[in-house]
1. What is the antiparallel percent of DSSP beta bridges lying wholly in the chain, to the nearest 5?
2. Calculate for the chain the 222 nm mean residue ellipticity that helices alone would give, adding -39,500 (n - 2.57) per DSSP H run of length 4 or more and normalising by residue count, nearest 500 deg cm²/dmol.
3. So what's the gap between the Cα centers of region 9-29 and region 71-132, to the nearest angstrom?
4. Return the whole-Å distance between the Cα centroid of region 333-401 and the Cα centroid of region 182-209.
5. Net charge around Phe297, counting only other residues with Cβ within less than 15 Å of its Cβ (Lys, Arg = +1; Asp, Glu = -1)?
6. If you take every residue apart from Ala360 with its C-beta less than 9 Å away from the C-beta of Ala360, what net charge results, scoring Lys and Arg +1 and Asp and Glu -1?
7. Counting Lys +1, Arg +1, Asp -1, Glu -1, what net charge surrounds Trp229 among other residues with beta carbon under 13 Å of its beta carbon?
8. When ranked by the protection proxy of mean other Cβ atoms within 10 Å per residue, highest first, what sequence do the peptides 299-308, 83-92, 141-150 form?
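Read-outs throughout are calculated quantities, based only on the coordinates presented, and are distinct from any laboratory measurement. Owing to the predicted nature of the structure, the values given are computational and were not obtained by experimental measurement. Using ideal geometry, Cβ is built from the backbone for each residue, glycine included, and neighbour counts are taken over all protein chains shown.
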Amino acid sequence: MIIGSNHIESHNEGLLKKHQNKLVFTASEIDNTEAVIQKLIDFQIAIPSWALGTGGTRFGRFAGGGEPRSIEEKIEDVGLLHKLNNASGAISLHIPWDIPQDYKAIKALASQHNLKFDAMNSNTFQDQADSEHTYKYGSLQNVNKAVRKQAIAHNIEVIKHGIELGSESLTIWLADGSNFPGQLNFRKAYQNTLESLEEIYDALPSNWKLFLEYKCAEPNFYSTTVADWGQSYSYVKKLGDKAQTLVDLGHHLPNANIEQIVSLLLMENKLGGFHFNDSKYGDDDLTAGALKPYQLFLIFNELVEGMDARGMNHAKDLGWMIDASHNIKDPLEDLLQSVEAIMIAYAQALSVDRKALEKAQEENDVVKAQEILQNAFRTDVRALVAEARLRSGAALNPVELYRSLAVRKNLIGERGLKTLATGL
């Protein structure tokens, strides 16, 4: 399905007057309105290929129909999102789920939708049909050198696919770990993993980065070989300047202070990027900002402060991506909601009175510091986010337009009701 500019213009026309009234009020509340809007226009959030279909749980999966059956259809779906919000300008592919058959054609299709290829993602947490060895007992940590070599070769293959597509980063998430005490020698598992990562790191082009993602538990429940930010930092520090830590918001123990983690990694120049989502109990992969919008704002508050202190480009110097799994929502609607929540948190963080906050901190004025942050969080910045979309030719209300155009119904008509997104 193609959403035309005429659809967006007609939609915006009906909402314009109400939007303008809201914008006038918001601008009166925030001093640097124009600067905030420009940063919002520049900010792009990558969409993972696997989030375009129904994810489900180990107990059941409730597909909604019209899911993308190929890499081409996944690109088309991200193109729909980007047309609606102009903030989803990249797709992140997962190998072997998204192996291109024709690089030139795939790049041309992505360009047609104004999309770039974000980080490439490897997969050594599943056995593939053509795999000689199993990852049942780990991949890069495995006691069997042949298994480690297979996993290393796969990651290098992923890099090669990425080079052809114009990507510039590799994300590695390892399921490696153990389920029972005594199963694993922790020290040897670490050493095997480090040696394996070193071989992968050596295969990176000079302009590439390696993002090492951590996760406290699951699918292993006694130990995970890259379990937290400290362990990831330990690996990437040893690997070199091209290696950095990737933070997935759902990969922490309950009530972890993610904003502090982010601040310290950024200070050490070892923060590579994010997988945005939300959670209540574990790695729930729910809509970003659905449960903990204040935490999301606090994370962005540290990001804005830390990036500005280092003179970094907000839009380009970190990797921004969603990692979500949808079982009861339309995946595209959910992704539109996540992007909106991320943009709102970013806009709120941009509106913080930095000088006043720094003064309050220097004077140990705890009450004033809290008031400054909560004032920014409680300020309705949705009109700024909508204005950024309007100025860039996108929809004032993406979800509303998506529904009014019956996009999912059209996708079902084109692809069928009982389709399965590749890899899921």
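1. Antiparallel: roughly 15 percent of the beta bridges in the chain.
2. Estimated from H runs of four or more residues: -15500 deg cm²/dmol.
3. Between the Cα centre of region 9-29 and that of region 71-132, the gap is 34 Å.
4. Cα centroid of region 333-401 versus Cα centroid of region 182-209: 38 Å apart.
5. Neighbourhood net charge equals -4.
6. That works out to -3.
7. Neighbour charge sum, excluding Trp229 itself: -2.
8. My ranking of the peptides, most packed first, is 83-92, 299-308, 141-150.
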